[in-house]
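Remarks on the structure that follows.
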Amino acid sequence: MALKITLKPGEKFVINGGVIVNGDRRTSLLIQNKISILREKDVLQPEEANTPVRRIYFDVMMMYLDDASHDQYKDKFTERMTEFMEAISNKDVMAKCISIIDDVNKGQYYGALMTCKKLLPFEKERLDYDSAQESASS
């Protein structure tokens, strides 16, 4: 089954690790075979991987885009996911973590990334709460 992607003018995307920029018009691409593709909005830069969930997301993203370094990122992913799961007790978040692990183990990295994105609001809520607690106790 083909994948159709419609790009905005100037929108960037990554195909198999290569960054491509759309021209000055709206464009549609029809992809006939399996590739690793991410839109700019789904790409996380290394300096943006500054929280536990974002680090997990980054490792999964790199496994998806950089096959040559797959094992290195899988080891980091395993370590970070284990630490994260040891620190949480929310059943819904735990279920999402298990889903991410399952997708990674099946090589379904895009699905793992989309599930990982769903953890960001939980993490933001917790980090904002922790920051507010620190400010209140100062």
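Derivation of every value follows stated rules applied to the coordinates shown; laboratory data play no part. Being a predicted model, the structure only gives us computed values, none of them experimental. Quick reminder, even Gly has a Cβ in these numbers, built from the backbone with ideal geometry, and neighbours come from all protein chains shown.
Quick check: from the Cα gyration tensor, does segment 44-137 come out rounded (a/c under 1.5), prolate or oblate? Present the calculation step by step, with values, prior to reporting the outcome.
On the way: a/c = 2.28, a/b = 1.66, b/c = 1.37.
Prolate.
For the pair Leu3 and Ile20, how long in nm is the line joining their label points, each one 7 Å along Cα→Cβ?
About 1.1 nm separates the two model spin labels.
Would you kindly state how much longer the chain becomes between Met94 and Thr51 on full extension, computed as 0.36 nm times their sequence separation minus their alpha carbon distance, in nm to one decimal?
Working: separation 43, 0.36 × 43 = 15.48 nm, distance 1.72 nm.
Computed gain between Met94 and Thr51 is 13.8 nm.
Please sort 78-90, 109-121 by packing, taking for each peptide the average over its residues of neighbouring beta carbons within 10 angstrom, highest first.
Details: 78-90: 13.8, 109-121: 18.0.
Result, highest mean first: 109-121, 78-90.
Students often get this wrong, so check it: of Lys41/Lys91; Lys12/Lys91; Lys4/Lys117; Lys8/Lys117; Lys41/Lys96; Lys4/Lys74, which have C-alpha atoms separated by over 26 Å? All intermediate terms of the calculation are to be shown ahead of the outcome.
Numbers: Lys41/Lys91 28 Å; Lys12/Lys91 36 Å; Lys4/Lys117 22 Å; Lys8/Lys117 22 Å; Lys41/Lys96 21 Å; Lys4/Lys74 29 Å.
In this structure, Lys41/Lys91; Lys12/Lys91; Lys4/Lys74 lie more than 26 Å apart at Cα.
Nearest 0.05, what FRET efficiency do Leu30 and His70 give at R0 = 35 Å with Cβ-Cβ as r?
In this case the efficiency is close to 0.80.
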